Each structure stands twice: as C-alpha cells, then as structure tokens.
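A.B. asks: Okay, here's the structure, questions in a sec.
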Amino acid sequence: MSLAIVYSRAQVGVEAPVVTVEAHLANGLPALTLVGLPETALYELYNRCLFFIARIYQ
C-alpha cells in the first residue's frame, strides 16, 4: 500500500486555490472514489476516470 500526494492549483475566476490530490494504491479490485466537488462535473469526471481505468486493463 502506498499513498501519493500531489499539490496542484484550481482555476476559480482569477484566483488559483491550492488543491491536494491523494491517490492510495493497494492490491485488489480497481476502485475509484472522488470527493470534494458538489457539481455535475464530479459525475462526468468519475465516468471519464472509469473509462480510462477500463482501457488500461484491456
């Protein structure tokens, strides 16, 4: 099990708040959990990530 942390920036108007992205890698079935976005963009991002993961395992 390993944990990767990446610090990035989000664009909100003319501001750029810090965003922390954490990825936990472990053995087992592929899974994806996204938190922090209350908009429909979260649902769209979730679908894109699942598609990307499915393409990796083909």
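A.B. asks: Quick one: in the range 16-32, which of the residues that are outside any strand (DSSP E or B) and modelled with pLDDT of 75 or more is surrounded by the most Cβ atoms within 10 Å (Cβ to Cβ)?
C.D. replies: Only one residue tops the list, namely ALA16.
A.B. asks: What residue, among those in the range 33-56 that are modelled with pLDDT of 70 or more and among the hydrophobic types (A, V, I, L, M, F, W, C), is nearest to ALA10 (Cα to Cα)?
C.D. replies: LEU45
A.B. asks: Then there's this: Six or more apart or on different chains, Cβ under 8 Å: which pairs go from a residue in the range 1-15 that's part of a loop (DSSP other than H, G, I, E, B) to one that's of a type in the set (A, V, I, L, M) and surrounded by 10 or more Cβ atoms within 10 Å (Cβ to Cβ)? Could you list them?
C.D. replies: Filtered contacts from the range 1-15: ALA10/ALA16; ALA10/VAL19.
The values are calculated or read from the model by the stated rules, or taken from the named source; none is laboratory data. Just so you know, these numbers come straight off a predicted model, no measurement behind them. Using ideal geometry, Cβ is built from the backbone for each residue, glycine included, and neighbour counts are taken over all protein chains shown.
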